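Report on the following structure.
The values are calculated or read from the model by the stated rules, or taken from the named source; none is laboratory data. Please read all numbers here as calculations on a predicted model, not as lab measurements. Every residue, glycine as well, gets a Cβ built from its backbone with ideal geometry; the counts of neighbours run over all protein chains shown.
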């Protein structure tokens, strides 16, 4: 009879509350669905950066070129250097249009390194589609990190013994 008891999957915990014994059965195979929510203000730059990465992945998926997300992050960042505020488009539209220009070069469909008016219009559509409506003053405000940068950051945290 005791051999059969060893095969049961349960855990018994005792809790004594004011002299009263309570027994709780805990199913160790039951999926835990409990979660907790933290009430933190949403960072608009984190949300924008996350949506931007989704946009990059969508562009890569629709492109025949074998481009990585890291490459598009670098192109997006570097586009800030050629942005002129006097134009009638935002920094994010210019940078995204520069990504489209880069993809055109990678696909060998164009060899113009400066975004065209059509690419700027397409970038504005992408900004709406991916909810990239944040108007920022510098790329440094965003949370864009390549794999190489992430690994270098982790490597600097290592301590040799």
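Can you name every residue in segment 50-60 that is within 16 Å of residue 141 (Cβ to Cβ) and touching a helix residue (DSSP H, G or I) at 6+ places or on another chain (Cβ under 9 Å)?
52, 53
Would you point out which residue out of 132, 127 is surrounded by 12 or more Cβ atoms within 10 Å (Cβ to Cβ), in contact with a helix residue (DSSP H, G or I) (Cβ under 8 Å, 6 or more places away or on another chain) and part of a helix (DSSP H, G or I)?
127
I'm told residue 108 meets every condition in (1) at pLDDT below 95; (2) within 20 Å of the chain's Cα centre (by Cα) except one. Can you identify the failing condition by its number?
For residue 108, the failing item is (2).
This table checks each residue for (1) crowded, with 19+ Cβ neighbours inside 10 Å; (2) in contact with a helix residue (DSSP H, G or I) (Cβ under 6 Å, 6 or more places away or on another chain); (3) on the phi > 0 side of the Ramachandran plot; (4) modelled with pLDDT of 95 or more.
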| position | (1), (2), (3), (4) |
| --- | --- |
| 79 | yes, yes, no, yes |
| 90 | yes, no, no, no |
| 97 | yes, yes, no, yes |
| 112 | no, no, no, no |
| 116 | no, no, no, no |
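Quick one: which residue in 72, 103 is touching a helix residue (DSSP H, G or I) at 6+ places or on another chain (Cβ under 7 Å) and touching a residue at least 40 places away in the same chain (Cβ under 8 Å)? Spell out how you get there, then give the answer.
Numbers: 72 fails: touching a residue at least 40 places away in the same chain (Cβ under 8 Å).
Checking each option against the conditions leaves just 103.
I need the full set of residues from segment 54-68 which are assigned to a helix (DSSP H, G or I) and either in contact (Cβ under 8 Å) with a residue 24 or more places away in the chain or over 18 Å from the mean Cα position of the chain (by Cα) (or both), in order please.
Taking segment 54-68 first, the residues assigned to a helix (DSSP H, G or I) are 54-62.
Within segment 54-68, 54, 55, 56, 58, 59, 62 meet the criteria.
What number of residues within segment 97-124 are within 16 Å of residue 84 (Cα to Cα) and part of a loop (DSSP other than H, G, I, E, B)?
Residues flagged as within 16 Å of residue 84 (Cα to Cα) and part of a loop (DSSP other than H, G, I, E, B) within segment 97-124 amount to 4.
Looking at segment 62-73, which of the residues that are closer than 22 Å to residue 150 by Cβ and surrounded by fewer than 17 Cβ atoms within 10 Å (Cβ to Cβ) is modelled with the lowest pLDDT?
Among those residues, the one meeting the criterion is 66.
Take residue 86 and decide whether it is in a helix (DSSP H, G or I) and out of contact with any helix residue (DSSP H, G or I) (no Cβ under 8 Å at 6 or more places or on another chain).
Judged against the criteria, residue 86 is not a match.
Can you tell me how many residues within segment 75-96 are closer than 14 Å to residue 115 by Cα and touching a residue at least 40 places away in the same chain (Cβ under 8 Å)?
7
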